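Enquirer: Quick one: the structure is below, and I'll ask about it shortly.
The values are calculated or read from the model by the stated rules, or taken from the named source; none is laboratory data. None of these values were measured; they are calculated from a predicted model. So basically every Cβ, Gly included, is an ideal-geometry build from the backbone, and we count neighbours across all protein chains shown.
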Amino acid sequence: MAALVFGGCVIGLAPILARLTETGAAAGGFWRLLFAAPILALMTWRSDRGVRRPSRLVLIAGVMFALDIAFWHYGVRYTTVANATILTNLTPVIVTFVAWVFLRERPRALFLLAVAIAVSGAAMMALARDGAGAVGLDPPLGDALSAGSALWYAFYMLAVGIARKRESMGQVMVWSSAMGAACLLAIALALDEPILPAGPAGWAACLGLGFVHIAGQGSIAWAMGRLPTATASVVILVQPAVALALGWLLFAEAIGPLQGTGAIIALAGVALSQWASRPKAASA
């Protein structure tokens, strides 16, 4: 439980650091994965006794991961930290829906109710601008990009889920991160973004994103293998709570009543969807 809370709090720093990189949005994602790569490779080398050639599916997962980070980092630049963080947390809803449509994994009726709750909360939050402070450069665009990142991350998770049947988590993480870094650099160059941070503070933010990628995601992955899904799905929502609090403290992004209500409804729908999509208990 302590590792899960720690990981959620660390991940909550990601949207803050993404704004402070002093680079382009995609370039910030490139540094995030580049700084994380040596540690991931070392961990995989020790656990798997080497890093093997990647499969095509793992490389595809890396492309999906790059698109997820690029969309989300741009979303953080254009809308509030609150909206960007909560909209990208709709991923569990999308994953189960895609699995239902393409993999014929029929969800429970309770999951469909959870989807309706999460989507209605997200819509309320995105449309409400009451009492908001600094709402970003282009809130509708930022909201759309953040929601799009949830879609790309859902495809990434599905690809990883299939790849994990044949490869270790370390191999998947190393090669998907390497492919993601290459794609993000290509996106940054294509969009003519500033690649290098302007000063020490920007470099520190990029290094911090690398730490977030390893410590945050690693702690969550480790903890979720040792906790009931229903418990983990609720505790993990500490991530958007931390991001909302930091956005308010650092960027004066006030949360109005309707926005706050929509955020609570959306997160409740996400938690319910994760609980409803848990495997059914085997009969005696």
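Enquirer: Just to verify a result, which residue in the stretch 17-63, among those that are part of a loop (DSSP other than H, G, I, E, B) and of a type in the set (A, V, I, L, M, F, W, C), is modelled with the lowest pLDDT?
Expert: V51
Enquirer: Condition first: at pLDDT 85 or above, closer than 30 Å to L57 by Cα and either over 17 Å from the mean Cα position of the chain (by Cα) or assigned to a helix (DSSP H, G or I) (or both). Can you find one or more residues in the stretch 194-205 that meet it? Even if it seems obvious, please write down each step before you answer.
Expert: Of the stretch 194-205, the ones at pLDDT 85 or above are 194-205.
Still in the running and closer than 30 Å to L57 by Cα: 195.
Pick out the ones that are also either over 17 Å from the mean Cα position of the chain (by Cα) or assigned to a helix (DSSP H, G or I) (or both) and you get 195.
So far as the stretch 194-205 goes, yes, one or more of its residues are at pLDDT 85 or above, closer than 30 Å to L57 by Cα and either over 17 Å from the mean Cα position of the chain (by Cα) or assigned to a helix (DSSP H, G or I) (or both).
Enquirer: Just wondering, is there one or more residues in the stretch 168-178 that are out of contact with any Leu (no Cβ under 7 Å at 6 or more places or on another chain), at pLDDT 85 or above and in a helix (DSSP H, G or I)?
Expert: yes
Enquirer: Okay, next question. Just give me the residues in the stretch 24-73 being among the hydroxyl-bearing types (S, T, Y) and either in contact with a Gly (Cβ under 7 Å, 6 or more places away or on another chain) or under 17 Å from L184 (Cβ atoms) (or both), in sequence order. Steps first, answer last, please.
Expert: Looking only at the stretch 24-73, we keep the residues that are among the hydroxyl-bearing types (S, T, Y), and these are 44, 47, 55.
Passing the criteria: T44, S47.
Enquirer: Among the listed residues T85, T79, which satisfies the condition of being modelled with pLDDT under 95, surrounded by 24 or more Cβ atoms within 10 Å (Cβ to Cβ), touching an Asp or Glu at 6+ places or on another chain (Cβ under 6 Å) and β-branched (V, I, T)?
Expert: Going through T85, T79 in turn, the sole match is T79.
Enquirer: Looking at the stretch 257-275 only, could you name the residues that are farther than 21 Å from I94 by Cβ and modelled with pLDDT of 75 or more?
Expert: Listed by number, the residues that qualify are P257, L258, G260, T261.
Enquirer: Further question: Is there a residue being outside any helix (DSSP H, G or I) and of a type outside the set (S, T, N, Q) anywhere in the stretch 64-83?
Expert: no
Enquirer: Are there any pairs with C-beta distances below 9 angstrom linking a residue in the stretch 183-207 that is touching a residue at least 60 places away in the same chain (Cβ under 8 Å) and farther than 16 Å from F35 by Cα to a residue that is loosely packed, with under 15 Cβ neighbours inside 10 Å and of a type outside the set (V, I, T), with the two at least 6 apart or on different chains, and if so which?
Expert: Listed pairs, sorted by first residue: A188/P194.
Enquirer: Now, a different point. Taking the residues in the stretch 29-71 that are of a type in the set (V, I, T) and in contact with a Ser or Thr (Cβ under 6 Å, 6 or more places away or on another chain) as candidates, determine which candidate is nearest to I195 (Cα to Cα).
Expert: V58
Enquirer: Sticking with this one: Only residues that are surrounded by fewer than 19 Cβ atoms within 10 Å (Cβ to Cβ), in a helix (DSSP H, G or I) and of a type outside the set (V, I, T): list them for the stretch 1-16, please.
Expert: Within the stretch 1-16, A2, A3, F6, C9 meet the criteria.
Enquirer: Something else about it: Would you mind stating whether F251 is over 30 Å from P38 (Cα atoms) and either crowded, with 17+ Cβ neighbours inside 10 Å or modelled with pLDDT of 80 or more (or both)?
Expert: Working: over 30 Å from P38 (Cα atoms): yes; either crowded, with 17+ Cβ neighbours inside 10 Å or modelled with pLDDT of 80 or more (or both): yes.
Answer is yes for this residue.
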